[in-house]
Amino acid sequence: MLDIVGLSKLYGASRALDDVSFSIEQGSFTTILGPSGSGKSTLLLGIAGFVAPTSGDIRLNGQSLLRVPAEKRNFGIVFQGYALFPHLRVRENIAFPLRMRGAAAADIDKRVKHALGLVQLEAYAERYPRELSGGQQQRVALARALVFDPSLVLLDEPLSALDKSLREALRQELRHLHKTIGMTFILVTHDQDEALELSDRVAIINHGRLEQFADPATLYNAPASRFVAEFLGKSNFIAVQAARGSRDVLHLQAGGHRFEHRQPGTAPDGRITLALRPERLTLVNGASPEPVNILPGTVSDLSYRGAEVGLTVATDLGALIVRVDTSGAHAIPAVGERVRVGWSATAGCLLPESA
Ligand code: ADP
Ligand code: MG
């Protein structure tokens, strides 16, 4: 278990990390996700031991790492621009961390062979880095990080320099590798899809602060803040005034409209925001049963994306994006057409207004 405890890092007056706390389970795949400049690399460099935090602690199995130098932490590292040695062959690059640790020659041979197998580069052992593609070089870097059986593998945007198809292929490989070897992986990325696809848990950071730490489904379906709701996929937001009805029902008011909302557990009340995913909205056209919430509007834009259409509907509470399945029973309305947008009482998620 790795505990990040109230971690802050100041550069002069600017806060790269601001009181970040979360815990990473042994053997899990955890992703640190956030926009550029949000503090992701600072956090990973802190865990690696290359950046000293201003305050807070980092604990591995209960022991503080702050006084342990980077080379003694025994973490496998693939950083941006942490390049391969150009004058060493693939085999020698991968052997390097083992030589640093004074491993015996026979042991080095065996481990390098195994690591080459993990990243499927057995046939490339005698090549130099310049004789490899970008994706192959990244795989060598990964093999070099895994070869000494580190207790933790830290990866800072290892795929971001690669083109899309290669990135997706390597993503699958990373996932498979994690499943196979069962080490703890911590990945930094600004790519939402990468984070959702690979991770057991995702820590979303923005301006150095932890916005939410949860599994992908929770982040998507129950975002804790407007930032998270917008950063992961698309969301519609409606400012509402909420009053508690009976049991878990909330009555929401916005403009002259009244909506019903149900959410298990506690929901914020007062002035809040209702977040609605485009795919949780439907177009209501006379068919029964009608959803409990209905808001009329006019289609102002249409965009086709293969199996679905994104409709923008102008309502008196602002524009709403509705995602409609083109294989469904309903005809797609035209721009200028009046429509009614509907959603169920459990379709949305309430966010505190300030979030
Ligand atoms: P990310 O990896 O999410 O893009 P970083 O952790 O690299 O973000 O940076 C977070 C913030 O800290 C940025 O505003 C960046 O400019 C600042 N920062 C990072 N490293 C340093 C440094 N060595 N000196 C001063 N400011 C830094
Ligand atoms: Mg970075």
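Computed from the coordinates by the stated procedures, all read-outs in this text should not be read as laboratory data. Just so it is clear, the model here is predicted, and its values are computed rather than measured. Note that each Cβ is placed from the backbone with ideal geometry, even for glycine, and that neighbours are counted across all protein chains shown.
Observations on the model:
- Average silhouette area of the range 139-212, convex hull of alpha-carbon atoms, in square nanometres: 5.4 nm²
- Derived scalar couplings between HN and Hα for the range 127-138 equal 7, 8, x, 5, 8, 10, 6, x, x, 5, 4, 5 Hz in order, rounded to whole Hz, by the Karplus curve 6.51 cos²θ - 1.76 cosθ + 1.60 (θ = phi - 60°), x for Gly and Pro.
- Helix 90-100 axis, angle to the chain major axis (alpha carbon atoms, nearest 10°): 70 degrees
- By the Stokes-Einstein formula, at 1.567 mPa s and 4 °C, the range 69-173 with its Kirkwood radius over alpha-carbon pairs has D equal to 93 µm²/s.
- Largest-first principal axis extents of the Cα set of the range 1-58 (Å): 36, 24, 19
- The Cα trace of the chain gives Rg and Dmax of 24.8, 78 Å, the first to one decimal, the second as a whole number.
- The chain: most fluctuating residue of 141, 222, 106 per GNM, C-alpha cutoff 10 Å: 106
- The residues neighbouring residue 260, those whose beta-carbon lies less than 13 Å from its own, together hold a net charge of +2 under the Lys/Arg +1, Asp/Glu -1 convention.
- Top of 326, 42, 312 by mean-square fluctuation, Gaussian network on the chain, Cα under 10 Å: 326
- Of 300, 327, 28, the one that fluctuates the most in a GNM where the chain has Cα springs shorter than 10 Å: 327
- Applying the Karplus relation 6.51 cos²θ - 1.76 cosθ + 1.60 with θ = phi - 60° to the range 35-49 yields 3J(HN,Hα) values of x, 4, x, 7, x, 4, 5, 4, 5, 5, 5, x, 5, 6, x Hz, where x marks Gly and Pro.
- Antiparallel bridge percentage (DSSP; both residues within the range 150-257; nearest 5): 65 percent
- Unit Cα scatterers, Debye sum, the range 256-355: log10 I(q)/I(0) for q = 0.22 Å⁻¹: -1.21
- For the range 202-208, Karplus couplings with θ = phi - 60° (6.51, -1.76, 1.60), whole Hz, Gly/Pro x: 10, 9, 9, 10, 8, 6, x
- Only one residue of 159, 254, 214 has its Cα farthest out toward the positive end of the dipole of the chain, where Lys and Arg carry +1 and Asp and Glu -1 on Cβ, and that residue is 159.
- Shown for the range 182-316 is the translational diffusion coefficient from the Stokes-Einstein equation, using the Kirkwood radius over Cα pairs, a temperature of 20 °C and a viscosity of 1.002 mPa s: 123 µm²/s.
- Aspartates and glutamates with Cα under 14 Å of residue 164, excluding same-chain neighbours fewer than 8 positions away: 191, 193, 194
- Amide H contacts of residue 127 (H built 1.01 Å from N, in plane; Pro and chain starts excluded): 90, 91 sit under 5 Å, all sequence-distant by 5 or more or on other chains.
- Pairs of C-alpha atoms in the range 37-91 farther apart than 15 Å represent 56 percent of all such pairs.
- Projecting the alpha carbon convex hull of the range 1-157 along each direction and taking the average yields 10.2 nm².
- Computed lengthening from residue 5 to residue 287, 0.36 nm per intervening residue step minus Cα-Cα distance: 96.2 nm
- Cα centre as origin, Lys/Arg/Asp/Glu Cβ charges: the range 144-206 dipole, Debye: 160 debye
- Summed residue charge, Cβ within 12 Å of residue 103's Cβ, Lys/Arg positive, Asp/Glu negative: +1
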